[in-house]
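A short write-up of the structure that comes next.
The values are calculated or read from the model by the stated rules, or taken from the named source; none is laboratory data. Treat the numbers as computed from the prediction; the structure is a model and nothing was measured. Cβ coordinates were reconstructed from backbone atoms using ideal geometry, including for glycine residues, and neighbour counts include every protein chain displayed. Just the protein is used for accessible areas: all its heavy atoms, side chains included, with ligands, DNA and RNA removed. Shrake-Rupley method; radii C 1.70, N 1.55, O 1.52, S 1.80 Å.
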Amino acid sequence: MTVSGRFVALLALGVLPVVLLGGATGMAYAALGGWLLLCVILGLLDLLLAASPRTVAVERTLPGRVRLGAEAVSELYVTNTGRRTLRGTVRDAWEPSAAAEPTRTKVDIPSGERRRIVASLRPWRRGERRVRNVTVRSWGPLHLWARQATLDAPGRIRVLPPFTARKHLPSRLARLRELEGSTSVLLRGQGTEFDSLREYVRGDDVRSIDWRATARRHDPNGGHGARVMVRTWRPERDRRVIVVIDSGRTSAARVADEPRIDTAFESALLLAALATRAGDRVDMVAYDRMVRGRVQGATGPELLSRMVDAMAGIEPALIEMDWSAIPAQVSALTSQRSLVVLLTSIESPGGSRGLLSVLPQLTAKHLVVVASVTDPDTLAATSERHDRTEVYRAAAAERSLLDLSRVAAAVKRLGGDVVTGSPADLPPALADRYLALKAAGRL
């Protein structure tokens, strides 16, 4: 049961006899007591005439998924199965991170009828956003007292990563098509596969001449070997790309108001979308001391669908990353030479010791790229030196950049490659590095 502000105001009117009768007299007290009794009787009568909220049936309709930042519609159907008209308020108890609007709705439902309550959801956190209860408050005709009950109406919606980096995909796909066209003519050597035969033109590498095809070629006059044939090459397809996402404590840090792990997800999704269009196979694993998410064996549109679904429920674990287990995780995904992309943080030499210790095991068999997000505020702080505080901040920023360059140099000495960038720049930078490896015939 609950009372309204109207009932409180009605009770406050009881002080008028005390004021009019000149203070604490017996008649004033009698009038005050009578007024309070009347208010309670009116409240009880109002409560008896209110419809029971427990005779209400609720049913919920929700979409299964929504991207972070997008809008979803929640529909709640409220049916009055009682004999009295339900006049009241329905509160849908969504989690605050679901950003439901509105959360309270006034209803007037005659007996045997149903009403639909529509709310918009704009979640601002990934993962499962849940709702368990609906609270129904039923007022009497005087709107003094109300009955209230909380009913079970469970529901959930899965909030997927936004994949805002997909805006870079069309330009990278265009470059990939140009690369496949130019590579088939110009490139030759390790890391490419045979495409077709064509006639020799001045400037072609003589090592690409196919003498058997030339011998079989007949000229229009009936001669043999008059036209020299060369082989054309294209980037190899059906290569393996393994994306390893560090879900340890360093991935929980926020850079440019975005967790590092979210930037890693954006980079992984853009790379996967590009690689699968290039004909390569992509696998993903998120790991700290245990596997938090894994996608293996998916191709085409199914790949991105499974990746965003796996990423939706992954949150950074506040524990140290166990890099010693990564070679075994990669070996469990593939036994052939692959491009292994490690999405982690390399800003601290001390925190990168585990990574550096296992790099030789990975680079001995695979092509390794380490991708790390950098803070754009750190770079901006190096140029702000107007007072003593800014000078100290600039010195700390220079020290951080120096540590980053030291770790990057160590990764390169061990045979790996490094890609760094701000949260907005890292996904396209990683995609560009993938295209560069394709163009160089290394993948």
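Per residue, the chain reaches -11000 deg cm²/dmol at 222 nm when only DSSP H runs of four or more residues are counted, each adding -39500 (n - 2.57).
In order along segment 432-440, the phi-based Karplus estimate (6.51 cos²θ - 1.76 cosθ + 1.60, θ = phi - 60°) of 3J(HN,Hα) comes to 5, 5, 4, 5, 5, 5, 5, 5, 7 Hz; Gly and Pro are listed as x. Were the residues from Lys167 through Leu11 laid out at 0.36 nm apart, the gain over their Cα-Cα distance would be 49.9 nm.
In this label model, Leu45 and Glu71 are separated by 4.6 nm, measuring between points 7 Å along each Cα→Cβ vector. Stretched out straight at 0.36 nm per residue, the stretch from Val228 to Ala30 would grow longer than its current Cα-Cα span by 59.2 nm. For the chain, the residue among Ala429, Gly415, Val58 whose Cα projects farthest onto the positive side of the dipole built from Cβ charges is Val58. Stretching the chain fully between Glu315 and Arg130 yields a gain of 65.0 nm (0.36 nm per residue, less the alpha carbon separation).
Compare the peptides 49-62, 260-273, 389-402 by average per-residue count of other Cβ atoms within 10 angstrom and give them in order, highest first.
260-273, 49-62, 389-402
Along the Cα-to-C-beta direction of Glu95, a point sits 7 Å from the Cα; which residues of segment 135-161 have their amide N less than 13 Å from that point? 155-160, by backbone N distance to the label point. Heavy-atom surface analysis with a 1.4 Å probe gives the chain a carbon and sulfur content of 53 percent of its accessible area. Counting only lysines at least 8 places from Lys167 when in the same chain, those with an alpha carbon closer than 23 Å to its own are Lys438.
Each label was represented as a point 7 Å from its Cα along the Cα-to-Cβ direction; for Leu151 and Val3 these points are 2.8 nm apart.
Computed with every protein chain present, the accessible area of Leu173 is close to 20 Å² [probe 1.4 Å]. Segment 138-155 and segment 303-368 have Cα centres spaced 53 Å apart. Between Val291 and Arg116, the simple spin-label model (points 7 angstrom out along Cα→Cβ) gives 4.3 nm. Please list log₁₀ I(q)/I(0) at q = 0.07, 0.12 Å⁻¹ for the chain, using the Debye equation with identical point scatterers on the alpha-carbon positions. Normalising to I(0) and taking log10 leaves -0.59, -1.02.
In the context of the full set of protein chains, residues of the chain present 51 Å² of accessible surface per residue (probe radius 1.4 Å, heavy atoms only). Using the Cβ-Cβ distance between Arg337 and Leu197 with R0 = 30 Å, the FRET efficiency computed as 1/(1 + (r/R0)^6) comes to roughly 0.60. Of the trypsin sites (Lys or Arg not before Pro) in segment 122-185, the ones in a loop by DSSP (not H, G, I, E or B) with at most 15 other beta carbons within 10 Å are Arg125. When the trypsin sites (Lys or Arg not before Pro) in segment 61-100 are filtered for DSSP coil states and for at most 13 other beta-carbon atoms within 10 Å of their beta-carbon, the remaining sites are Arg83.
Relative to the Cα centre, the charge distribution of the chain, modelled as +1 at Lys and Arg Cβ and -1 at Asp and Glu Cβ, gives a dipole magnitude of about 980 debye.
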